[in-house]
1. Suppose accessible area is computed on protein heavy atoms with a 1.4 Å probe; arrange Trp171, Trp216 from highest to lowest.
2. Run the 1.4 Å probe and let me know the accessible area of His148, rounded to the nearest 10 Å².
3. Ordering Arg95, Arg214 from largest to smallest accessible area (1.4 angstrom probe), what's the sequence?
4. Run the numbers for Glu197 and Glu157: contour at 0.36 nm per residue of separation, minus the present Cα-Cα distance, in nm.
5. Per residue, how much accessible area does segment 128-259 show when a 1.4 Å probe rolls over the protein heavy atoms, in square angstrom?
6. Given a 1.4 angstrom probe, I'd like the percentage of the accessible area of segment 168-259 that is carbon and sulfur, rounded to a whole number.
7. Go through segment 186-202 residue by residue and turn each phi into a ³J(HN,Hα) via Karplus (6.51, -1.76, 1.60, θ = phi - 60°); whole Hz please, and just put x for glycine and proline.
8. Length gain on complete extension for the stretch Lys204 to Asp223, per 0.36 nm per residue less the alpha carbon to alpha carbon distance?
Amino acid sequence: MDKFFKAIGRFFKAIWDWIKTTAWVQPLLIVVIVFAIIFSFSSTSPLMKWIKGLANSDTTGEFYEEHSTVFSDLYSDIFVSGKSGYEYNCEDGKRPDNNRGGAGKYLSNSGKYKYDGYSYVVFVNNTSMETTFKTFYTNTLTKEEQKHFYVVDFKNEDNINTYYNVTTKEWENNNGATYYYYLFNHLFDFYTSEAYEEYSDAFKAVYGYDVNTRVWEPQAGFDVTTAVNNLTFPIICKYKGSELIDFRFCDSISSDYDGNDTSNVLSHFHAFAK
């Protein structure tokens with residue numbers, strides 16, 4: 001075995017001695033090394049892909065987490081008797097555990113929300129399109145609108161434990177069914193309203209494409225899986241004061257409308273006001 005390693009050593013030493021004594025090889029070797037270093041920093045090189053992968057693994061989900069809020073802190077009227085599909089026997093807009101009262105935000109109950117500007121709520125159940133919404137937040141929203149930008153993440157425990165057991169006085173995990181049910185009806189009521197039809201027609205007259213790319217015809221019955229399939233996350237909603245005035249499913253944001261890419265679609269979504 002020693003003889004084998006010695007033989008390998010002699011082989012590489014011979015190559016090194018040849019390089020040192022052969023004048024034309026040295027500058028050629030330097031050029032090759034320089035180009036190898038340059039190409040290793042190309043955005044498509046395996047090295048840079050690996051570095052970007054490490055960076056993304058550390059930052060994925062951070063933007064959503066930074067703006068994350070609890071569903072019932074925004075939609076406090078979910079606790080109005082019967083509206084959520086559950087009877088909590090509590091005061092309107094007040095959580096049955098008395099821990100939160102919505103911080104004054106009632107985005108679906110006109111007149112309760114003190115801010116009369118534009119608010120944006122993104123509903124997510126994974127980290128999909130996080131970069132898209134981060135760019136929208138940074139480059140499109142005004143400073144004031146950024147203060148009223150919220151993310152409701154249905155992976156968070158507070159948005160999964162949505163049934164309050166009045167006997168044990170504990171929130172129980174029902175896979176977010178209470179909030180899904182509320183959101184489902186909140187959006188569908190708007191989608192089937194005259195206000196949405198008028199808004200959609202006015203929007204199309206300006207930009208030449210439909211607000212949402214598909215006809216939303218929810219499946220019969222209700223459970224969490226049905227809700228997720230019907231709602232198609234992520235979803236972004238736009239409010240004027242406490243009034244919902246526009247919303248987009250993810251497939252209506254990422255679709256290409258006659259040359260309008262995602263950034264343009266979100267720019268139009270932000271700019272249009274009927």
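The values are calculated or read from the model by the stated rules, or taken from the named source; none is laboratory data. Fair warning: this is a prediction, and the values are worked out from it, not measured in the lab. All Cβ positions, glycine included, derive from the backbone under ideal geometry; neighbour counts span all protein chains shown. Please note that ligands, DNA and RNA were not included when accessible areas were found on the heavy atoms of the full protein model with its side chains. Shrake-Rupley method; radii C 1.70, N 1.55, O 1.52, S 1.80 Å.
1. Values: Trp171 50, Trp216 10 Å².
Final ranking, largest accessible area leading: Trp171, Trp216.
2. 30 Å²
3. On the way: Arg95 10, Arg214 60 Å².
These residues rank, largest area first, as Arg214, Arg95.
4. Working: separation 40, 0.36 × 40 = 14.40 nm, distance 3.57 nm.
Full extension of this stretch gives 10.8 nm more.
5. Values: 6350 Å² over 132 residues.
Averaged over the residues of segment 128-259, the accessible area is 48 Å².
6. Details: 1940 of 4260 Å².
Carbon and sulfur atoms account for 46 percent of the accessible area of segment 168-259.
7. 4, 6, 5, 4, 6, 4, 9, 8, 5, 4, 5, 4, 5, 5, 4, 5, 5
8. Details: separation 19, 0.36 × 19 = 6.84 nm, distance 3.32 nm.
Answer, rounded to one decimal: 3.5 nm.
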